[in-house]
Each structure stands twice: as structure tokens, then as C-alpha cells.
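Below is one structure, written out as C-alpha cells; comments come after it.
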Amino acid sequence: MRKFFKSTTGAILVIVVYSLFWFWVTKSYLQIGFSLFFTGLFFGVEKVRKVVSRNPRYIHYNFFAKKLSESQKNIIWRHYSFYRRLKPEFQRSFDTRVYSFLERYQIIGRQGMEADEEKKILIASCYAQLTFGMHVYLNKSFNKILLYPDYYYSNITKNNHLGEFNPHLKVIVFSWKHFFEGIKIDDNNYNLGIHEFSHAILSSSRITRSRSQTVAEHDFEKGYRRIMELLKDKSKYAQLYNSGYLRKYAFANNDEFISVILEHFFETPDEFRAKFPDLFQMVKEMINYREEWFQT
């Protein structure tokens, strides 16, 4: 009930009931007029906020831009074609986001793995790529990243893993070997970083499903719901399942489907668009992805 009254629908209901009550008490149309005026003003401001928060120029204008060193930028340049294709002003924004990510999150090595500067830069860049269309992009659903050299044994699941997101511990875990393979080969539809980070973003969008939700979280959660509606179409589901384009793990559950299609979106976008244009467009809007970021 509390969540309902924090929602837009709940806010409208409260205003309408309040207005009708005072009209009944005072019999004043002025009261109705004031209520409607302030309601319109509130939702007008809210609409403008959402439009502005999706605008690339606004999102990537940094009053206090943070600079990476040339050696740090070279690491990104060598490994991320996404970065190389960006226009210079958007590369500067990307640098700021990588810097901010490294300030915010701990990256810790396990089993003798050293979390050196290059590894940290590559992990931060993967996250920056996925969230580049988001105005508020730093995520509260995790605060720590653990790096293992290879497959690792989880005491929680009692299985070997190559990556996972644990919302209760606010931890993301990567096998460095498999994370690096995901960015080294950027067109095979396997990207462990994109996969696990997308789980964290989806988790955050669910937790804050109310009027306190950021525009980015709202868009991500809305995109998730639209895609789930698409999957209810049995013929579309069968088409996706039998296409051979998505690996079968995508169909393990709804959350895995979202993570896998985000991997495909960044790894083989042209093929994705050609095969499933409607789904591709949903993903694009979900993360506010814009072609205008890139050099022609």
C-alpha cells in the first residue's frame, strides 16, 4: 500500500480525493482550479525531467570532468572498440565515468589474483559501456567486485562458477580469465562483464520501483516488462528459441534472458537488429543507447 501511494497513480489519486473533499466542504471551484493547476505543474515538470535525463548532451555534460592519465586511456583504447568509435566529447565523458566507478567500488583479488590498474580500468570500462545512456549510472545494488583467476567454487551454491551477482552481499564476482575473454573477443556474444552488471542494474531497478526511481532505472525496468510481454507471445518465443542466435542459457529464466540479450546487443548489433528488430529496439530504449555518440 505504501508503494502504491509513492507511485504516480497513487499521487494522482490523493490529489483528486483531496480536491473533491475540499470542493464538497467549500463548494469552491477555485479549490478545484488550484488543485488542477498544481497537478499539471507537477506532472509537467516531471515530464521535462524525464526528457532532459535522456538527452545525450545533458547526460554527458560534466561540470567537473575527471581526467584519466594517458596510460589509463590507452588501456581502454586498446581493448574497447566502443570507446574508439566515440566522438571526442563523449570519450571525455566515458573517462569521467570510469574514474567515478573506480572511486566508488572496491575491486579485490582472490586466490592470488592481483587486482592491478589494468584490470580495474577494463572492468570499469565494461560498466561504463553498458550504462553510457544513463544519467544516474552508479548503482547501489553492489559495492564490491571480487576477482578470481578462473572458475571458482561458491560456498553458497556449492557449485563452480565463472561469475555471479549476489544482491544480499552486494557483491559481483568474476573469473578474470572469462571476463577478459569477453572483451578480447567482442563479437562472439559472450561478455561476462555485461552479463553480471546487467543483473545488478535489473536488481536495482526493482528495489527502487517507486517515484524515487531514477529515470535510468525506470527505463530499464520498463524495458524489462515490455520484453517479458513480448515473450508471452508463444510464436515469438518459439522464433527466438529456435533461431540458434541466442544460446539456450538465455531461456533459463527471465533475468538470464535480459542479460544474454544485452550481451548480444553489444557484441553483434547488426545481426541482432536484422533478426529481431522489435526486440533490438526495446533493448536500445531500455538503456537509452544513441547512435549520435559515435563518429561517422
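Extent of the range 176-296 along its three principal axes (Cα atoms, max minus min coordinate, largest first): 39, 35, 33 Å. Near Ile107, the amide H atoms lying under 5 Å from its own belong to Ile145; only residues 5 or more places off or on other chains count, and H is placed 1.01 Å from N.
Overall shape: oblate for the range 109-189, with the ratio a/c of the largest to smallest alpha carbon gyration tensor axis at 1.5 or above and b/c at least equal to a/b. Given points 7 Å out from each Cα along the Cα-Cβ axis, report the Ala238 to His161 separation in nanometres with one decimal. Each label point is offset 7 Å from its Cα along the Cβ direction, giving 3.6 nm.
Surface composition of the range 66-176: carbon plus sulfur atoms hold 48% of the accessible area, using a 1.4 angstrom probe and ignoring ligands, DNA and RNA. Remark: spin-label model distance Ser71-Arg85 equals 3.0 nm, labels positioned 7 Å along the Cα→Cβ axis. Over all projection directions, the Cα-based convex hull of the range 152-226 averages an area of 6.3 nm².
If you model the range 210-257 as an ellipsoid using its alpha carbon gyration tensor, with each semi-axis the square root of five times an eigenvalue, the axes come out at 26, 11, 8 Å, biggest first.
Remark: spin-label model distance Tyr249-Arg273 equals 2.7 nm, labels positioned 7 Å along the Cα→Cβ axis. Rounded to the nearest whole Hz, the Karplus-based 3J(HN,Hα) values (6.51 cos²θ - 1.76 cosθ + 1.60, θ = phi - 60°) of the range 76-85 follow the sequence 5, 4, 5, 10, 10, 5, 3, 5, 4, 7, with x at glycine and proline. In the range 47-139, the alpha-carbon atoms span a convex hull of 105 Å³ per residue. In terms of the mean number of neighbouring beta-carbon atoms within 10 Å, the peptides 57-64, 88-95, 192-199, 266-273 order highest first as 192-199, 88-95, 266-273, 57-64. Per residue, the range 83-141 exposes 41 Å² of solvent-accessible protein surface, assessed with a 1.4 angstrom probe and all protein chains in place. Here the extension length gained between Asp150 and Arg225 equals 23.6 nm, from 0.36 nm per residue of separation less the Cα-Cα distance. Working note: Cα gyration tensor of the range 58-109, eigenvalues times five, square-rooted, sorted largest first, giving semi-axes of 18, 16, 9 Å.
The values are calculated or read from the model by the stated rules, or taken from the named source; none is laboratory data. Because the structure is predicted, anything quoted here is derived from the model rather than measured. Don't worry about glycine lacking a Cβ; one is built from the backbone with ideal geometry, like all the others, and counts go over all protein chains shown. Side chains included, ligands, DNA and RNA excluded: accessible areas come from the protein's heavy atoms. Shrake-Rupley method; radii C 1.70, N 1.55, O 1.52, S 1.80 Å.
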